[in-house]
Amino acid sequence: MQLDNCNPAARRRPGQRKGNAMKAFRYYLPLILALFLLAVMPQTWASIAVQCPEDTDGIDADGDGDPANDIVCRHITGGDGFATMADGRRLYMFSFGDADDHQPLDPAGPPVEETPANKALEAELPAPRITLREGQELYLTMTNVSMVLRPDLFDPHSVHWHGFPNAAPIFDGLPEPSPTPNMMASFTYYYKAAHPGTYFYHCHVEAAEHMQMGMIGNLWVTPKQNELPDGTVLLGGFVHNAGNKYAYNDGDGSTFYDVEIPIQMTGMDSAFHDASEFVTPLMFAEMHDNYTMINGRGYPDTMDPNVIFNQDGTPGFGAQKTPTLIDLEQGQILLMRVSNVSTTHIYSMATTTGVPMKVVGRGAALLRGPTGEDTSFEVNVLNVGGGQAFDVLLDTQDVPPGKYFLYTTTLQFLANGDQERGGIMTEINVSAAP
Amino acid sequence: MRPHFFSRQTALGIALTALLLVFGSSGALAAVQGIEGPSFQLTAKTGSISTSDGESFLMWGYADASASGNNTMQYPGPTLIVNQGDVVTVTLTNSLPAEAGNTSIVFPGQVVTTSGGVPGVLTQEAATGGSVTYQFTATHPGTFLYRSGSQPDLQVEMGLVGAIVVYPSMGRSYAYNHEDARFDREFVLVITEMDPTIHRMVEYEEFNLIDTSAYYPTNWFANGRNFPDNLSDDFVPWLPHQPYKFNPRLHPGERVLVRSVSVGNQLHPFHYHGNDIEVIGEGGRLLSSGPGMGADLAWQAATRRTIPGQTADVMWTWNAEQLGWDIYDHQPGVDYPRAEIDTTWTGNICDNFDPLLYEPNTTTQLPAPGDPDYADLFDPFTNEYCPDHGTLFPVILPTRDSLSFGPYYAGTPFLGGEGELAPGDPGLNATAGYFYMWHSHTEKELTSNDIWPGGLVTFAIVEHPAVPLP
């Protein structure tokens, strides 16, 4: 983003006319001053740093029995890279990468100052997943490692925790009312995870561009109900066993699940990504996703259990780390953490299991009315607009063992570019209960 | 990459508007902009609107043709304000060009009788130069809309749309006749979009070249204005045909009602930054399981898809609950008199809050909404969230030269705080309010005819309790 105040022409006052010497002095003065300041100022401006306090308050805020593990520190990068579409096409992208392997979060890792050099072109699709327990505090440092292929850009990046209740602008990641870190600088965001649910995060700088380019990741908060003592009896006689997992603090076990999987539906417009890679004007009005994906992959790559490398150099970087493999035993309950982060389309999704999906959460909130009324609902097709998130349970009790599909019923998006039988689809394998 | 965030005129306009809002305020809470019923005289006529990319487009829209009206076409049309039980009469005169043909108004959700005019497919129509009268009884309170019922694929796109507000018999602080529907402030949000090709063809009188089945919108509007025009004040002279802004401003803890009216052709996943919304009504009905049950079927989310032709009543509030740090930067252990905010307020900030009741490491949980003790968590005057009172800001912000700044950053993370701005910063947030973007999450719609930024972007502002609001 380039603001008026970055543009020297905008700061000139057209009414002012002085002699040549005066004009020359006026133009050289800032340079002289800058050189002077460079000589005398400490080098604080290249601020790459991770802020991560220790949890010493003695309070067990997340209720898991350990009072010293309530602070979570993560370090991600904002930059560029490449992703491989399911038809083999390579697309340039912007996204976040994982820098947890640098100091101080990994004391054995390289110094934090080396993050931009070591993490160049290591953006991931989707961005690194963040999971928290309710009550934990997240110190999320994002280092803007610059865009290697676009030296003409000097974009800041940001983190917007989408759906965070009672957010403050300073950590909301909006570039208009809050500061955003320039290239070669870090910004530490702070969030107290007070509300469980399925969220996601994305860059909000020039969001139509940066989100289309790929800067989106999964983020969820697990409820305190997971930490209840073994044998606790919930409403309706539901007995909590240690290790049970729930989507929300439902009080009655109604959001219990065995297996969870992110279903982050998104898409990329290859023409837009090519225009960005080759530094040609970006077409916003004509933006139209032609590669649709779950967790950054189109079918059949959704089924690939391995990291997908982007063939950039040898052996390339494993930018796409998230398979969407769903293996269940009959009788298990699957929690799908569904979101749509497309910048151009609304998607619908369904399964071929023949049993309905039970929607228990919407927008990181349990589906209960203000007075506790159960407002969950069952659907065969779920329509998800951009920016919406749903918690969806699939109970396989009545699903015979076999292979099923999860797919978008917006059928034109079952494609990877012009390759048919791809896009937003994955397989659900149900095996017989042991 | 677009080099200019605002045109100079727009930036100046926003600054002047901000000054007017700060210094020109009175005590009463803002009312909805619109015209009072129960009798309305509307004229359908032409006019031109401005879009944030610097273009202008020919529109067909409604004008208030009553004696007190300005008889100027506006987009969207005048918001019609009536009370529950009113017998509402709308007389429509067709002053559109002859090529536009007949025009009419339909009132979805109302039982309408007509008089005059000529027969049409959906209702009685006004022929060119003619008139027609519609009448209905506003039986149900809520948010409704009106739009053209004649060749609507073209006439609605051209701008013949508007909102209707029916206040319940409980009064004008309520959306419906129940305490759950009480609000402190209300705002109408009319969402539309535009395919510029259609407007150009109408302007060039190439009516046979118009193909509404090839509809491809490239511009999106909140109350007929793109961002940032929708932050300029109501009735600013440089937007004569787009009189309504959308820029909710509120104090912490106040309940804001957004009367969402979707009257274009597309669905828009409308995302509210800052806090979850609570959808209490849809289609002019309270989301209720039965009479007297209140909004017990209300639902909560950060994003709601707007559906063409559908209205919704959306509650939003913000109070910094469980943020984990003090938004006012109060220092630990210091008492803060409130007299500096309002001399009639006694006591100290958050003196009602006894932290010993909620001592950490006990089994006592903080009271949740609905709990009788919940109100104890908040200062009764400022709505400050007391458990965070005196809790220090959690991180160190990078130095200024490591950061880029937006025009609504006041140089401080604190509500109503003081800070230093970067050189050249336009300083559009003089009161250090908290700005929250409310926008379409189909992010390509954050543009106006290919130009970023623009389109369906708005901002709500939470202001410090000492900042007077209109």
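A short reminder: the numbers here are calculations on the coordinates, not readings from a lab. None of the values given here were measured: they were computed from a predicted structure. Note: ideal-geometry Cβ built from the backbone for every residue, glycine included; neighbour counts use all protein chains shown.
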Item to check | Dipole of chain A [Lys/Arg +1, Asp/Glu -1 at C-beta], most positive-end residue of A:Leu91, A:Pro151, A:Gly354 | outcome: A:Pro151
Item to check | Dipole magnitude (debye, nearest 20) for the stretch B:183-267, charges at Cβ of Lys, Arg, Asp, Glu | outcome: 420
Item to check | Residues B:Ser213, B:Ser52 arranged by fewest to most Cβ contacts within 10 Å | outcome: B:Ser213, B:Ser52
Checklist entry - By how many nm would the segment from B:Leu366 to B:Thr399 lengthen if fully extended, with 0.36 nm per residue of separation less the alpha-carbon distance? => result 8.2 nm
Item to check | Taking A:Glu137, A:Glu378, A:Glu373 and counting other C-beta atoms within 10 Å, the order from fewest to most | outcome: A:Glu378, A:Glu373, A:Glu137
Checklist outcome for this item: Note to self, the protein assembly as shown gives a 222 nm [θ] from helices alone (DSSP H runs n ≥ 4, -39500 (n - 2.57) apiece, / all residues, nearest 500) of -2000 deg cm²/dmol
Checklist entry - Working out 0.36 nm times the residue gap between B:Asp335 and B:Asn177, then minus their Cα-Cα distance, what length gain in nm do you get to one decimal? => result 52.7 nm
Next on the checklist: Please compute, for peptide A:58-70, the average count of beta-carbon atoms on other protein chains lying within 10 Å of each residue's beta-carbon.
Outcome noted: 1
Item to check | Ranking of B:Thr192, B:Thr46 by count of other Cβ atoms within 10 Å, fewest first | outcome: B:Thr46, B:Thr192
Item to check | Relative contact order for the stretch B:325-392, counting Cα pairs under 8 Å that sit 6 or more residues apart, in percent | outcome: 46
Item to check | Under-5 Å amide H pairs with B:Phe270, H placed in peptide plane, nonlocal only | outcome: B:Arg304, B:Arg305, B:Thr306, B:His441
Item to check | Per-residue ³J(HN,Hα) for the stretch B:303-319, Karplus 6.51 cos²θ - 1.76 cosθ + 1.60, θ = phi - 60°, Hz, x for Gly and Pro | outcome: 9, 10, 6, 7, 10, x, x, 9, 10, 8, 10, 10, 9, 9, 8, 8, 9
Checklist entry - What is the set of long-range amide H partners of A:Gly361 at a cut-off below 5 Å, with H atoms built 1.01 Å from backbone N? => result A:Leu367, A:Asp391
Checklist outcome for this item: Partner shielding of B:391-397, taken as the mean number of other chain Cβ atoms within 10 Å, equals 5
Item to check | For the stretch A:274-327 and the stretch B:441-470, distance of Cα centres in Å | outcome: 31
Checklist entry - For the pair B:Ile307 and A:His288, what calculated FRET efficiency results from E = 1/(1 + (r/R0)^6), where r is the Cβ-Cβ distance and R0 = 22 Å, to the nearest 0.05? => result 0.50
Item to check | Pairwise label distance in nanometres, B:Asp153 with B:Ala466, each label 7 Å out on the Cα-Cβ vector | outcome: 5.9
Next on the checklist: Within 10 Å of each Cβ in B:267-277, how many Cβ atoms from other chains are there, averaged over the peptide?
Outcome noted: 6
Checklist outcome for this item: Stretched fully, the stretch from A:Thr409 through A:Glu277 gains (0.36 nm per residue minus C-alpha distance, one decimal, in nm) 44.3 nm
Checklist entry - For the stretch A:276-424, what relative contact order do you get, as a whole percent, if you take Cα pairs closer than 8 Å and at least 6 residues apart? => result 30
Item to check | Phi-based couplings in Hz for the stretch B:181-195 (Karplus 6.51, -1.76, 1.60; Gly and Pro marked x) | outcome: 9, 6, 9, 9, 9, 9, 9, 9, 10, 9, 9, 9, 9, 9, 9
Checklist entry - Could you state the number of Å between the C-alpha centres of the stretch B:286-308 and the stretch B:232-281? => result 18
Item to check | Burial order of peptide ranges B:162-171, B:128-137 (average beta-carbon count within 10 Å, highest first) | outcome: B:162-171, B:128-137
Item to check | When each of A:Lys321/A:Lys358; A:Lys358/A:Lys403; A:Lys245/A:Lys358 is checked by Cα-Cα distance, pairs over 22 Å | outcome: A:Lys321/A:Lys358
Item to check | Per-residue ³J(HN,Hα) for the stretch A:315-331, Karplus 6.51 cos²θ - 1.76 cosθ + 1.60, θ = phi - 60°, Hz, x for Gly and Pro | outcome: x, x, 10, x, 7, 10, 9, 10, x, 10, 8, 10, 10, 10, 9, 3, x
Next on the checklist: Calculate the FRET efficiency for B:Thr139 and A:Ile59 from the Cβ-Cβ distance with a Förster distance of 56 Å, rounded to the nearest 0.05.
Outcome noted: 0.50
Next on the checklist: Quick check for you: which residues of the stretch B:183-207 have the amide N under 15 Å from the point 7 Å beyond the Cα of B:Arg255 toward its beta carbon?
Outcome noted: B:183-187
Checklist entry - P(r) tail for the stretch B:325-392, what percent of Cα pairs lie past 16 Å? => result 50
Checklist entry - What net charge do the residues around B:Pro332 carry, taking every other residue with its C-beta under 13 Å from that of B:Pro332, with Lys and Arg at +1 and Asp and Glu at -1? => result -4
Checklist entry - Among B:243-250, A:129-136, what's the highest-first ranking by average C-beta atoms within 10 angstrom per residue? => result B:243-250, A:129-136
